[in-house]
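The values are calculated or read from the model by the stated rules, or taken from the named source; none is laboratory data. Just so we're clear, the structure is a prediction, and the values are computed from it rather than from any experiment. Every residue, glycine among them, receives a Cβ derived from its backbone with ideal geometry; neighbour counts consider all protein chains shown.
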Amino acid sequence: MDTDVLVVGAGPTGLFVAAELTRAGISTTVIDKGNGPSTHSKALAVHARTLDTFATRQFASDVVERGLPVRVLRIFAGGTERAQLSIDDIASPYPYMLSLPQSVTERLLLDQLDAAGGGVEWNTELVDARDEEDGVTAHLDGAEERTVRARWLVGCDGAHSRVRQTADFGWAGEDIDAHFALIDAEIRSDVIDRSTAQIFVLDDGRNCGFVPLPGGGQRIILTLTEAPDAEVDRAFFQDQLTTHVDPDLDVQTDEWASYFSVRQRVVDTYRQGRVCLAGDAAHAHSPVGGQGMNTDLQDAHNLAWKLAAVIDGDADTRLLDTYEAERRPLAEQVVRLTGRGTRFIGRQSWWLRILRITALTLLAHVDFLRTRFLGAISQTGVTHTDSPLVQNPLGQAAGSLRAGYFAPNLSLADDGALHDHLSPTSHVALIPTGAPVPPPLTETELLVKRISESTLHAHDGPSSAVIVVRPDGYVGYSGSLDDDRTLREYLAEHGLAPHR
Ligand SMILES: Cc1cc2nc3c(=O)[nH]c(=O)nc-3n(C[C@H](O)[C@H](O)[C@H](O)COP(=O)(O)OP(=O)(O)OC[C@H]3O[C@@H](n4cnc5c(N)ncnc54)[C@H](O)[C@@H]3O)c2cc1C
């Protein structure tokens, strides 16, 4: 074999998968047909659960430092401000939407890969791949044509994935008749501010959104009634914005403009034999709500530690089946939600306009609706409670430390905080201060940390709990300290990797 894993595509998904695998000590080859990291700002919204995810690898603060936290969405219609929607009511240490161009996120992920000792072979394209019994043979085209043998192939090659086509994954879905134009531009306007996001429900029934960019300027997104017949550029936006938003607005410079329509797809399976798919290669949906890259990065985080454990021989391939079990339903949910959102804001009619203003105003004023909405958008509502990989003998008594929930960055009694100790190869077992270490934990060499009773109580957990946190930060097991049998069964069933 030339490499354990061949990762195709060095967008955000491929970079994160590769950084995780490399950090786990897995030999990983990353190729991309492009000639270097992307310079386009594409995904701008980095949501709270993605930052939680980065925190489990100790680089969330680097990401936050480069971005601009947005905490309020102002809603305008008919020339007046109708409501302000607070978007900071999110259960996370990162209670906001971070505005950060995808090109910067990719650079930071590339730094992670680099720090782990890996890198990317640019200008190298996957032409085709064949899944054989003991590995995958891939034909690459770059400076020279060559064949690479890998034990596993991970397709992170985006919406038009060659890996998906060559391995013949099913890819069904629908297109939505909705059209969007966007531009990143410096503007001068007394109406648009730089500290909030703003949405204008226009008189003709369309919508226009503004999100401030961290380096100055705004991302401007405009719904269109049909595909444009001319280029979407600065002149187009100048005309549209002065007509519909602010007659004095001046589009001064532009960085990037684009038009997109909406395709909705989810791949029929996330793994076939030795070929896995992640990110946009596995699901395509509307950019409404900025879910794409956020969903992709969590695919990467979910897949990589499992693949590393399988390659290391700590777990069998059933562990990889839980990647699909945990992530595919979420992709379907994102497709459903963004599809509804797209139809709601992308279509033009007088009654939808009124409904839109009413719905946004309700969201701003009704706490219950806002909390649910923000849980979905920020992805902090994501849980794996139905996963075959989690076990929750404590039931409701586990409180917010229930198996399947994302574990908050709990303060440890003696050694910093939980997320400091997670890595692609480290499960962490938490037991109360002063309690004897349950024998099943000593047998498996898990990293054991102490947590105070008051911290357990603050999360509605019982004082005599054993909590096992997976490498991706989700609780895998919540059980009672004296229930050795169930804990031992859980550890054996899931072949947990010894701590290195
Ligand atoms: C205008 C716009 C705005 C968006 N806004 C947001 C947002 O605010 N928030 C959000 O979460 N998401 C957003 N998205 C979505 C986000 O950009 C994508 O979900 C994300 O880029 C997908 O990442 P990926 O790594 O899976 O794929 P990609 O970023 O598409 O990367 C795939 C990589 O694979 C390489 N590749 C392809 N084929 C091959 C091959 N055969 N061999 C070798 N290499 C190959 C490509 O060169 C590319 O580098 C937006 C998208 C667009 C277009």
Failed condition for S463, given (1) among the small types (G, A, S); (2) at pLDDT below 90; (3) not in a loop (DSSP other than H, G, I, E, B): (3)
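Take A364 and tell me if it is closer than 22 Å to Y96 by Cα and crowded, with 17+ Cβ neighbours inside 10 Å.
Values: closer than 22 Å to Y96 by Cα: yes; crowded, with 17+ Cβ neighbours inside 10 Å: yes.
Yes; evaluated as a whole, the condition is true for this residue.
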Matching residues in the range 1-20 - criterion: being among the aliphatic types (A, V, I, L, M) and either farther than 23 Å from R146 by Cα or within 15 Å of the ligand (Cβ to nearest atom) (or both): V5, L6, V7, V8, A10, L15, V17, A18, A19
Every residue from the range 393-414 that is part of a loop (DSSP other than H, G, I, E, B) and within 22 Å of L320 (Cβ to Cβ): A403, G404
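With A143, A129, A83 as the choices, which residue is surrounded by 16 or more Cβ atoms within 10 Å (Cβ to Cβ) and either part of a loop (DSSP other than H, G, I, E, B) or within 16 Å of the ligand (Cβ to nearest atom) (or both)? Full working, then the answer.
Values: A143 fails: surrounded by 16 or more Cβ atoms within 10 Å (Cβ to Cβ); A83 fails: either part of a loop (DSSP other than H, G, I, E, B) or within 16 Å of the ligand (Cβ to nearest atom) (or both).
Unique residue meeting the criteria: A129.
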Residue count, the range 415-437 (criterion: under 28 Å from A300 (Cα atoms) and either assigned to a strand (DSSP E or B) or without any contact (Cβ under 8 Å) to a residue 24 or more places away in the chain (or both)): 7
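Kindly indicate whether any position in the range 22-31 is assigned to a helix (DSSP H, G or I) and more than 6 Å from the ligand (Cβ to nearest atom).
Yes, some residue in the range 22-31 is assigned to a helix (DSSP H, G or I) and more than 6 Å from the ligand (Cβ to nearest atom).
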Residue list for the range 228-272, restricted to those being free of Cβ contacts under 8 Å to residues at least 12 places away in the same chain and hydrophobic (A, V, I, L, M, F, W, C): A230, A235
Positions within the range 32-48 being more than 11 Å from the ligand (Cβ to nearest atom) and either assigned to a strand (DSSP E or B) or not hydrophobic (A, V, I, L, M, F, W, C) (or both), in sequence order: T39
Residue identified as surrounded by fewer than 23 Cβ atoms within 10 Å (Cβ to Cβ) and either among the β-branched types (V, I, T) or touching a residue at least 24 places away in the same chain (Cβ under 8 Å) (or both) among L68, L44, L15, L21: L68
